[in-house]
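First up is the structure itself, then whatever we jot down about it.
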Amino acid sequence: MSITTELIGSIPRPDYLLDGMARAAAGELDPAGLDALATRALTDTIERLEALGSPVVTDGEQTKPSFATYPLRGLGALAPDGVVIPFADGHTRQLPRLTAGPFRYGEFAASYLAAARKIATRPVKQPVIAPSALSLLYPADGIDGYPREAFLADLADQAEADIRQCLAGGADSVQLDFTEGRLSVKLDPSKGVLRDFVDLNNTVLDRFTAAERARIGVHTCPGGDQDSVHSLDVDYAELLPDLFRLHAGTFYLQLASEPDRARVLGIVKEHSRADQRIFVGVIDPIDPRVETAEEVRDRVVEAAGYIPVERLGTCDDCGFAPFADDVSTSRETAFAKIEARIEGTRLAAAALGV
């Protein structure tokens with residue numbers, strides 16, 4: 001396939017794994033039993049992706065509690081009353097609040113990568129959470145004896161280690177999940193918070209060589225949880241110019257759910273650099289309808305009118321189940337949509353003669 005295609009990360013967990021997680025949390029299933037269910041789900045996920053012809057796979061985040069909170073697993077010094085993220089349908093997600101320093105990751109994404117690579121026969125992409133998202137753990141009123149500057153320095157060190165371990169561990173690429181970017185514009189229309197996020201992420205990205213940054217990408221979307229979003233009402237034009245200031249080699253952009261894709265593609269053309277690869281979202285995970293391969297083809301051909309085909313890739317708008325308890329999309333629907341993306345990208349490549 002001359003136009004590459006990748007999934008963003010999460011795929012709905014099978015019922016037996018969700019049931020096992022609940023039983024383990026209740027003390028009714030031992031760690032070995034849960035590990036066996038997780039391995040079964042991970043194996044099924046990767047084998048199905050490879051059978052569909054996915055040139056790059058992920059672990060589907062089968063064993064992550066969520067795309068955002070895996071570094072917090074097993075940590076103390078956290079209170080439950082952190083930043084609240086509201087979604088358009090009225091439901092919310094709440095981050096924990098850091099209560100003491102120093103900040104250290106409880107788990108690094110390389111552990112997920114290692115498990116996936118034992119199964120996969122194709123390259124594995126490893127999603128990680130952007131440091132900007134974890135910066136929201138620090139409370140507005142500060143922490144005695146642990147100033148924000150010290151926290152951000154520790155966070156940058158931990159985020160660097162998270163990425164570096166994945167690159168060293170054989171990841172084909174590492175994807176920073178930056179869903180808070182668009183949300184920050186909603187919360188702060190002056191874009192001061194957005195620019196602080198970009199600067200923090202660049203503090204980490206600048207620790208890598210140009211060759212390493214070519215293997216590091218950034219994913220942005222307006223959120224996607226329980227068939228709802230948190231910031232689709234924010235004009236993409238308010239995000240994209242600052243997004244492309246990030247010192248990453250690849251950008252994965254939600255696009256299928258945009259009401260005016262051509263306008264957004266025009267902004268991408270204007271503000272992205274020639275050394276930045278652009279993966280456009282051609283599948284909307286929130287839409288219960290499975291897109292046809294022909295629809296995907298047409299979206300890719302449209303994008304090729306704005307982005308040179310040698311810089312162009314395709315993806316889903318976001319993960320299908322970024323939080324483990326999100327069962328709004330079935331596993332079968334997710335795989336059907338992935339199949340449409342892969343086939344539609346192939347048709348687009350043929351139509352474009354590449």
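The values are calculated or read from the model by the stated rules, or taken from the named source; none is laboratory data. This structure is a prediction, so every number in the text was calculated from the model and none was measured. Cβ atoms come from the backbone with ideal geometry, glycine included; neighbour counts cover every protein chain shown.
Might you let me know whether the range 335-346 holds any residue that is over 16 Å from VAL57 (Cα atoms), surrounded by fewer than 22 Cβ atoms within 10 Å (Cβ to Cβ), of a type in the set (Gly, Ala, Ser) and in contact (Cβ under 8 Å) with a residue 24 or more places away in the chain? Within the range 335-346 (the criterion being over 16 Å from VAL57 (Cα atoms), surrounded by fewer than 22 Cβ atoms within 10 Å (Cβ to Cβ), of a type in the set (Gly, Ala, Ser) and in contact (Cβ under 8 Å) with a residue 24 or more places away in the chain), the answer is no, since none of the residues qualifies.
Pairing residues of the range 67-91 that are free of Cβ contacts under 8 Å to residues at least 12 places away in the same chain with residues that are among the hydroxyl-bearing types (Ser, Thr, Tyr), at Cβ distances under 7 Å and at least 6 apart in sequence or on separate chains, gives VAL84/THR92. Here GLU295, GLU258, GLU291, GLU270 are screened, and the one residue that is outside any strand (DSSP E or B), touching a Lys or Arg at 6+ places or on another chain (Cβ under 8 Å) and surrounded by fewer than 22 Cβ atoms within 10 Å (Cβ to Cβ) is GLU291. Across the range 172-194, the qualifying residues are those that are over 19 Å from the mean Cα position of the chain (by Cα) and aliphatic (A, V, I, L, M), and the one among them that is surrounded by the fewest Cβ atoms within 10 Å (Cβ to Cβ) is LEU187. Screening the candidates ARG245, ARG213 for the property of being closer than 22 Å to LEU152 by Cβ and surrounded by fewer than 17 Cβ atoms within 10 Å (Cβ to Cβ) yields one hit, ARG245. On the stretch given as the range 316-332, residues that are in contact with a helix residue (DSSP H, G or I) (Cβ under 9 Å, 6 or more places away or on another chain) and either within 20 Å of VAL264 (Cα to Cα) or among the aliphatic types (A, V, I, L, M) (or both) total 4.
Of all the listed residues (ALA68, ALA41), the sole one being of a type outside the set (Val, Ile, Thr) and closer than 22 Å to GLN254 by Cα is ALA68.
Before we move on, is THR314 at pLDDT 95 or above and closer than 27 Å to ILE11 by Cβ? Yes: the conditions hold for THR314.
If you go through the range 317-338 and keep only what is at pLDDT 95 or above and among the β-branched types (Val, Ile, Thr), you end up with THR333, ILE338. What are the residue pairs meeting all of these: first residue in the range 296-320, first residue in contact (Cβ under 8 Å) with a residue 24 or more places away in the chain and under 20 Å from ARG273 (Cα atoms), second residue among the charged types (D, E, K, R) and not in a helix (DSSP H, G or I), Cβ atoms under 7 Å, and 6 or more apart or on different chains? The qualifying pairs are ARG311/ARG277; GLY313/GLU6; GLY313/ARG277; CYS315/GLU6. Only residues that are within 12 Å of LEU265 (Cα to Cα), small (Gly, Ala, Ser) and out of contact with any helix residue (DSSP H, G or I) (no Cβ under 7 Å at 6 or more places or on another chain): list them for the range 295-315, please. Of everything in the range 295-315, just one residue is within 12 Å of LEU265 (Cα to Cα), small (Gly, Ala, Ser) and out of contact with any helix residue (DSSP H, G or I) (no Cβ under 7 Å at 6 or more places or on another chain), namely GLY305. Within the range 128-171, restricting attention to residues that are of a type in the set (Asp, Glu) and surrounded by fewer than 18 Cβ atoms within 10 Å (Cβ to Cβ), the residue that is farthest from the chain's Cα centre (by Cα) is ASP144. Scanning the range 304-354 for residues that are assigned to a loop (DSSP other than H, G, I, E, B) and either over 27 Å from GLU47 (Cβ atoms) or of a type in the set (A, V, I, L, M) (or both) turns up GLY305, TYR306, ILE307, PRO308, ALA321, ALA324, VAL327, GLY353, VAL354. When you scan the range 162-178, do you find a residue that is touching a residue at least 24 places away in the same chain (Cβ under 8 Å), within 24 Å of VAL84 (Cβ to Cβ) and touching a Lys or Arg at 6+ places or on another chain (Cβ under 7 Å), even just one? Checked the range 162-178: no residue is touching a residue at least 24 places away in the same chain (Cβ under 8 Å), within 24 Å of VAL84 (Cβ to Cβ) and touching a Lys or Arg at 6+ places or on another chain (Cβ under 7 Å). Of all the criteria given as (1) crowded, with 17+ Cβ neighbours inside 10 Å; (2) part of a loop (DSSP other than H, G, I, E, B), the one not satisfied by TYR112 is (2). Scanning the range 336-354 for residues that are in contact with a Lys or Arg (Cβ under 7 Å, 6 or more places away or on another chain) and among the small types (Gly, Ala, Ser) yields a total of 3.
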